[in-house]
Amino acid sequence: MKSTNKDVAVSSRVRFARNIADYPFYGKCDPTSANEIISKVRDALGEGYSEMDLSEKDELTVGSMVEDHSISREFANSELPHALFTSENGEVKIMACEEDHIRLQVITDGLSLEKAYEEACEVDDLLASKLNIAFDDNLGYLTHCPTNLGTGMRASVMLFLPALTETGKIRSVSTQLSKLGMTIRGLYGEGSEALGCLYQVSNTETLGVTEESVISNLKDVIEKLIELENEARKRICDSDPDRFADRAFRSLGVLKYSRMIDSSEFMRCYADIRVGVSLGLINDVDLDALDRAFIEAMPYTLMKHMGKKADSVERDLARAKRIKELI
Amino acid sequence: MLCNKCGKNEATHFMEKNVNGKVTKLALCSECAKNSEEFKFDPFEGFKNFNIFDNFFGFPSIGSGRGKMLETAEKRCTLCASTFDDIVNAGKVGCAECYKVFADELAPTIKRIHGNRRHIGRRPLRDLTESGEEKTAKEDKEENPKDRIKKMKKELNDAVKSENYELAAELRDKIREVESL
């Protein structure tokens, strides 16, 4: 766990956008073509992948899959036939008929971009050996949206940055990253507050760069950010030793004793407790269990567990109960 | 693509006219388009119908100035039947073939997003060489065939000048091989 810096880097993701040359892209695709594309992807992947026809699935299942990042929101809302293929270990997911015909994504634990990239390349090669992938020597992989031309790759790392958030350093980080062809965004929250102190750093450049250089530069930047976050945490601990501890235990108290809790309050508590666990202040909460609770407490995942659609009051009651079961 | 009229600025306004099968094309920069009788372009009309992709594709969307400009255009993609207006309105490209059919029209947008760049990354596996090795050689990653041929021809000239005919023969064969692809 230490080697992947999981207390700061939550997960890594590599995504490839690919299209089959002989079929129109999403906006011009009809249901017959979409079914043919799904069938071609199925045949190309062969054994070792489970298939889920998303068009047949209920709202709660699909919603919970968006929440745990198994699929994109656009994919969930697609009006065409669309299917998800998942590898046996669950790390490789192939969305057939998303915005692009194929969206291949690999999500791995902690900071493990190279591993995610290698796995993605393996499946990409398998698909390309069987399918006529749309490609141009100058423009690279041809994609529905021209912003993805070139590598068609987005690599990203989900980061937990409570101390850089607290000290306001995030803003200068954001400015510097844009100069490096990368971007940082708060993953949750509607305003400027990044709920849960969770951020996503990803590449913005796809044309005129190699995948290896993107992965390597991103990794270097993430390692630097981890270093900065750890330094900021240390500074806060040195100057105000009780601040993190008080917040962590106070939030733990809320989760232990509250009977109703809404999403945003839970996400704030999650961030406080996660810092406490990372700094070794709280020993009886497991980081993986806490991260799992973060997903399980989301509306659709929660309602799926409840087995029914529920209003916000019912959800807040169920959330408080569910969290107690998980941590 | 440079403006057909001034030859200085990047062309941002395109018109294709089909009169009884006779097709004429015109590509102008915004300054020349403003003064062009053929476009009769109201520079403010685009703002009345603003959509997010106006800036993205560099054109006002359909129903505005551009709609008038291309009312006679009949160019359609051979695979998905998209017109360039369809692409501008959707903010997305219709199919892989559109990138070829509308290469000139899309070029300014691609340049705006990515700059003057060429792909140097991975390639689909079907581009394997006969020996089964992926094209990872530096020259393959950094140059397109035309640039490669140009470079090899220069090397060939240098080889002849220095009377290195063995190398010259090797280069001649390589050039033929690339040209035949």
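The values are calculated or read from the model by the stated rules, or taken from the named source; none is laboratory data. What you are looking at is a predicted structure, and each value in this text was computed from that prediction instead of being measured. Note that each Cβ is placed from the backbone with ideal geometry, even for glycine, and that neighbours are counted across all protein chains shown. Surface accessibility is based on the protein's heavy atoms, side chains included, excluding ligands, DNA and RNA. Shrake-Rupley method; radii C 1.70, N 1.55, O 1.52, S 1.80 Å.
List of remarks:
- Residues satisfying the stated conditions in segment A:285-327, i.e. touching a residue at least 40 places away in the same chain (Cβ under 8 Å), outside any helix (DSSP H, G or I) and open to solvent by less than 30 Å² (accessible area, probe 1.4 Å): A:285, A:298
- Residue in segment A:106-115 that is under 17 Å from residue A:144 (Cα atoms) and open to solvent by less than 10 Å² (accessible area, probe 1.4 Å) present: no
- Number of positions in segment B:92-112 that are buried (at least 19 other Cβ atoms within 10 Å of the Cβ) and either facing chain A (nearest Cβ under 9 Å) or at pLDDT below 90 (or both): 11
Here's the yes/no breakdown for (1) assigned to a strand (DSSP E or B); (2) acidic (Asp, Glu); (3) within 14 Å of another protein chain (Cβ to nearest Cβ):
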site: A:157; (1), (2), (3): yes, no, no
site: A:174; (1), (2), (3): no, no, no
site: A:183; (1), (2), (3): yes, no, no
site: A:199; (1), (2), (3): yes, no, no
site: A:207; (1), (2), (3): no, no, yes
site: A:213; (1), (2), (3): no, no, yes
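- Scanning segment A:49-61 for residues that are under 17 Å from residue A:38 (Cβ atoms), open to solvent by 20 Å² or more (accessible area, probe 1.4 Å) and free of Cβ contacts under 8 Å to residues at least 40 places away in the same chain turns up A:50, A:51, A:52, A:53, A:55, A:56, A:57.
- Hey, residue A:13 more than 14 Å from chain B (Cβ to nearest Cβ) and touching a Ser or Thr at 6+ places or on another chain (Cβ under 9 Å) or not: yes
- Against the list (1) open to solvent by 20 Å² or more (accessible area, probe 1.4 Å); (2) of a type outside the set (D, E, K, R); (3) assigned by TED's automatic domain parsing to the domain that holds residue A:173, the condition residue A:226 fails is (1).
- For residue A:39, the requirement of being assigned to a strand (DSSP E or B), of a type in the set (Gly, Ala, Ser) and surrounded by fewer than 16 Cβ atoms within 10 Å (Cβ to Cβ) is not met.
- Consider segment B:8-25 and keep the residues that are of a type outside the set (D, E, K, R) and open to solvent by 40 Å² or more (accessible area, probe 1.4 Å). The one that is modelled with the lowest pLDDT is B:20.
- Considering (1) open to solvent by 30 Å² or more (accessible area, probe 1.4 Å); (2) at pLDDT below 95; (3) not β-branched (Val, Ile, Thr), the lone condition that residue A:136 does not fulfil carries the number (2).
- Look at segment A:108-134: where a residue is assigned by TED's automatic domain parsing to the domain that holds residue A:23 and a partner is open to solvent by less than 10 Å² (accessible area, probe 1.4 Å) and in a helix (DSSP H, G or I), sitting 6+ places away or on another chain with Cβ atoms under 6 Å, you get A:108/A:116; A:111/A:222; A:113/A:215; A:117/A:215; A:127/A:44; A:130/A:44; A:131/A:44.
- Test result for residue A:250, assigned to a helix (DSSP H, G or I), assigned by TED's automatic domain parsing to the domain that holds residue A:315 and crowded, with 18+ Cβ neighbours inside 10 Å: no
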